[in-house]
1. What whole number of Å gives the distance from the Cα centroid of the range 270-346 to the Cα centroid of the range 12-32?
2. Which Rg and Dmax, in Å, describe the Cα atoms of the range 184-253?
3. Neighbouring Cβ atoms within 10 Å as the yardstick, rank 288, 186 fewest first.
4. What translational diffusion coefficient, to the nearest whole µm²/s, does the range 3-175 have by Stokes-Einstein, given a Kirkwood radius computed over alpha-carbon pairs, a temperature of 25 °C and 0.890 mPa s viscosity?
5. More than 17 angstrom separation, counting every C-alpha pair in the range 192-319; what % is that?
6. Quick check: the distance between the Cα centres of the range 61-100 and the range 125-197, to the nearest angstrom?
7. When DSSP assigns beta bridges and you keep just the ones with both residues in the chain, what percent turn out antiparallel, to the nearest 5?
8. What relative contact order, as a whole-number percentage, does the chain give when Cα pairs under 8 Å and 6 or more residues apart are counted?
């Protein structure tokens with residue numbers, strides 16, 4: 001369908017919450033390219049239906065699509081854009097991963113999935129899309145042409161505000177026979193997108209370690225909205241290293257620009273066990289020495305905690321064992337169980353009558369939560 005025949009109402013978009021401004025696309029690949037170098041960018045951004053052939057696209061200023069639009073404006077050109085709906089989930093994961101700017105999402109998806117991504121040329125724009133897409137929308141953005149976008153229920157657990165966002169004019173739509181439409185919705189965790197973020201955490205751990213070599217592991221808790229708080233473990237070798245690791249993390253990849261809290265712990269702390277992390281904070285942190293704040297940094301416009309929308313502070317917490325000259329006194333020796341006694345207890349566990357104890361149930365009773 002081209003021209004006046006394009007009718008976006010044919011796409012079964014959802015309107016997840018009663019206060020949402022309209023119907024949206026949430027799980028589409030948004031594909032653009034640099035007008036100067038031709039390098040493509042593939043991202044996952046929300047799009048709001050505005051009319052039968054227009055939508056607004058909501059992307060943060062650090063995203064690749066926003067960067068391409070700025071370059072198109074400088075060149076005095078329209079930005080070509082394609083939306084691919086219903087693609088291999090591996091490609092969606094690759095597009096959502098904050099990889100380095102010069103690494104292709106297509107290549108990354110192929111490496112991650114074990115086989116190359118088959119691409120097909122669009123009908124009316126000079127872009128490529130996954131050949132097995134269920135729907136493909138093709139259009140352009142005229143720099144400076146904006147329209148109100150929002151409010152929408154978002155991953156922060158609140159309705160976002162209304163923002164003027166780039167307007168996409170679509171002039172071509174193709175789809176498979178009997179296409180399947182993929183979608184999801186945002187909200188306070190746990191939600192499907194938060195579960196995807198757990199997988200993403202595993203995917204880009206080695207990417208982050210290439211950027212910041214001293215990081216042993218890192219974790220983005222789902223309860224912290226999958227990117228608002230990061231827990232990093234390091235193999236500490238010199239004073240001040242925890243602060244250096246936190247600062248390096250914030251600048252390693254665009255996504256981490258919006259991480260509010262970075263907690264740095266020693267490598268022997270299991271960063272996925274909140275009890276160990278809280279113990280490290282409680283036993284190794286002097287707030288006057290080990291907490292540092294960076295004020296007035298670029299920030300997520302969806303975060304209402306900031307005094308100024310789009311500008312906020314970040315906090316680093318050094319929860320590592322301190323070494324001179326970070327401290328001028330000797331650090332206490334950590335308590336450890338005797339290996340021989342622990343081995344004996346393991347051997348005699350059944351004899352003690354403890355073999356049938358459900359440790360998950362013990363945890364639930366101890367910490368006052370209900371097992372599901």
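Bear in mind these aren't lab numbers, they're just calculated from the coordinates by the rules spelled out. Only a predicted model underlies this, so the values are computations on that prediction, with no experimental measurement involved. Cβ placement follows ideal geometry from the backbone for every residue including glycine, while neighbour counts extend to all protein chains displayed.
1. Computed from Cα coordinates, the inter-centre distance equals 38 Å.
2. Taking only Cα atoms of the range 184-253, I get Rg and Dmax of 13.4, 45 Å.
3. 288, 186
4. It comes out at roughly 150 µm²/s.
5. The proportion of pairs with Cα distances above 17 Å equals 56 percent.
6. If we compute the Cα centre of each part, the gap is 11 Å.
7. DSSP beta bridges in the chain are roughly 85 percent antiparallel.
8. 12 percent
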